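Asks: If you scroll down you'll find the structure; I have some questions about it.
Bear in mind that the values in this text are calculations on the coordinates, not laboratory data. Since the model is a prediction, treat every value here as computed from it, not as a measurement. When we count neighbours, we look across all protein chains shown, and the Cβ atoms used for this are built from the backbone with ideal geometry, even at glycine.
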Amino acid sequence: MSHELPHDLDPATLAVRAGIERSQFMEHSEALYLTSSFVFDSAAQAAARFSGAEEGNVYARFTNPTVTMMQDRLAALEGSEGCIATSSGMSAVLSMCMALLQAGDHIVASRGLFGSTQQLFTNILSRFGLETTFVDATDLAAYQAAVTPRTKLFYIETPSNPLTQLVDIRAVADIAHAAGALLAVDNCFCSPALQQPLKLGADLVIHSATKYLDGQGRVLGGAVCGARKLTDEVFKFLRTAGPCISPFNAWVILKGLETLQLRMDAQAANALALATWLEAQPQVARVYYPGLPSHPQHALALSQQRSGGAIVSFEVKGGREEAWTLVDSTRVMSITANLGDTKTTITHPATTTHGRISPEAREASGIRESLLRIAVGLESVEDLKADLARGLSQI
């Protein structure tokens, strides 16, 4: 049971109200439906549900009221017609590719992708006849030069993990569409609270809902958002192949979305303060943060994001030994590769998130042994500074 919301609501309201479907009990908080299947009134209704002639829930691999609420809320925040939730962010990438591409197709991807995404494109999809060309994320001419008659998808991550390189979404969308291809954007670092790629010309938005959408490091989840004709194809793949999200995980993420804007604004403010402080430390060689005027794409960040986000990466003077010394000296930050949590995390990308790609690929992506990535949380920024100062003093 639902009621239609007024049009043109603020995202802060949509994050709390969008997608609610109440049962006959008229619960106020969204219900968690833990069931593997659903009962039908008759054999005829069962047949109609399975064939799609009648809308309704069938089997929790592909239909569940809690999952539907999560999908509808995220679609409202991204401004998309459709949304398909998946078991993880990587399963969202895989589902999109398997649903929309075929053997012989060509992908153009920005070079600074998350390590697992690079692995998927180069080591797995390539075995099924999908070729990927990686280009400098910031070089628009390189995107254009990479186009072939077989190019069907452009895939970008902005800001990139971990160097926070930005891709001009609108410009790459124009290149993709001129080539008859789709543009998919990994919006993990910003979330719809800070960036809405569809409004800038993208066709699809990919999420690791594990990160900021949940926001507290509790569950895994992913999502593909976009036009209904595209997400319907992803749904067909999910229904058959089964990389679905559990109703419990969807419920946790659904509730996490309620505080997304508040968390992102507060974490981005902390990140800016920490990045500004890091730039002034003599042991730091370079800071990567889009909210800093020193970031080479600061102007682009101001034009397509609401703020610089909550990820700060920086290079210490030295190499792995100095970087690890700093990591090991922390007492407040969590040493883990996850991000998007209310708790600040710190990791050494070259040996964690990007440790499985070749040294040559890491070097081409600018991921050096001296690089550290911090996903800034909600702690006192002064405590975070002190936590880093302890290690910096040992370098």
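Asks: Quick one: which residues, 5+ away or cross-chain, put their amide H under 5 Å from the amide H of E379? H built at 1.01 Å from N.
Replies: Amide H neighbours of E379: T344.
Asks: Please list, in order along region 144-153, the HN-Hα scalar couplings obtained from phi with the Karplus expression 6.51 cos²θ - 1.76 cosθ + 1.60 (θ = phi - 60°), rounded to whole Hz, x for Gly and Pro.
Replies: 5, 5, 7, 5, 10, x, 9, 5, 10, 8
Asks: Fewest to most neighbouring Cβ within 10 Å: what's the order for E27, E55, E258?
Replies: If I rank by nearby Cβ atoms, fewest first, I get E55, E27, E258.
Asks: What ranking of R73, R263 emerges when the number of other C-beta atoms within 10 Å of each C-beta is taken as an exposure proxy, fewest first?
Replies: Final ranking by Cβ density, sparse to dense: R263, R73.
Asks: Could you check the spin-label model distance between F62 and A178? Points 7 Å from the Cα along Cα→Cβ, value in nm.
Replies: 3.9 nm
Asks: Please list the non-local residues whose amide H lies under 5 Å from the amide H of L183, H modeled 1.01 Å from N, same-chain partners needing a gap of 5 or more.
Replies: F154, D203, L204
Asks: In whole percent, what relative contact order does region 260-392 give with Cα contacts below 8 Å and a gap of six or more residues?
Replies: 29 percent
Asks: Which value at 222 nm does the chain reach when only helices count, each DSSP H run of 4 or more adding -39,500 (n - 2.57), with the total divided by all residues and rounded to the nearest 500 deg cm²/dmol?
Replies: -11000 deg cm²/dmol
Asks: Turning to a different aspect of this structure: Assuming 0.36 nm per residue, please report the length gained on full extension of the stretch K236 to L9 beyond their Cα-Cα distance.
Replies: Stretched fully, the K236-L9 segment lengthens by 78.6 nm.
Asks: Given a Förster radius of 25 Å and the C-beta distance between I335 and E382 as r, what FRET efficiency does 1/(1 + (r/R0)^6) yield to the nearest 0.05? It would help to have the intermediate numbers written out before the result.
Replies: On the way: r = 21 Å, r/R0 = 0.82.
According to the calculation, E is roughly 0.75.
Asks: Here is a follow-up. Where the centroid of each part is defined by its Cα atoms, how far is region 84-107 from region 284-313 in Å?
Replies: That distance is 29 Å.
Asks: Report the per residue volume, in Å³, of the convex hull enclosing the C-alpha atoms of the chain.
Replies: 140 Å³
Asks: Give the calculated FRET efficiency between D265 and K229 to the nearest 0.05, with a Förster radius of 35 Å applied to their Cβ-Cβ distance.
Replies: Calculated value: 0.55.
Asks: Continuing with this model, one more query. What are the ³J(HN,Hα) couplings of region 195-209, residue after residue, when phi is run through the Karplus curve with 6.51, -1.76, 1.60 and θ = phi - 60°? Round to Hz, x for glycine and proline.
Replies: Karplus-based 3J(HN,Hα) across region 195-209 equals 7, 10, x, 4, 6, 9, x, 5, 9, 9, 10, 10, 10, 8, 5 Hz.
Asks: I've got another one for you. Quick query: amide H of A285 versus all other amide H atoms, modeled in the peptide plane; which residues come in under 5 Å with a sequence gap of 5 or more or a different chain?
Replies: Amide H neighbours of A285, under 5 Å, 5+ apart: E315, V316, K317.
Asks: Let me ask something additional. With each label point set 7 Å from Cα along the Cα-Cβ vector, what nm distance links A142 and R22?
Replies: Going from the A142 label point to the R22 one covers 5.3 nm.
Asks: Further question on the same structure: How far is it, in nm, from the label point at E321 to the one at S303 when both lie 7 Å from their Cα along the line to the Cβ?
Replies: 4.5 nm
Asks: Next question. Could you grab the relative contact order for the chain? Cα pairs under 8 Å, six or more apart, rounded to a whole percent. Walk me through the intermediate numbers first.
Replies: Working: 815 pairs, mean separation 65.9, N = 395.
Relative contact order for the chain comes out at 17 percent.
Asks: Okay, next question. Given a 10 angstrom Cα cut-off, can you work out which residue in A310, A60, A299 is the most mobile in a GNM of the chain?
Replies: A299
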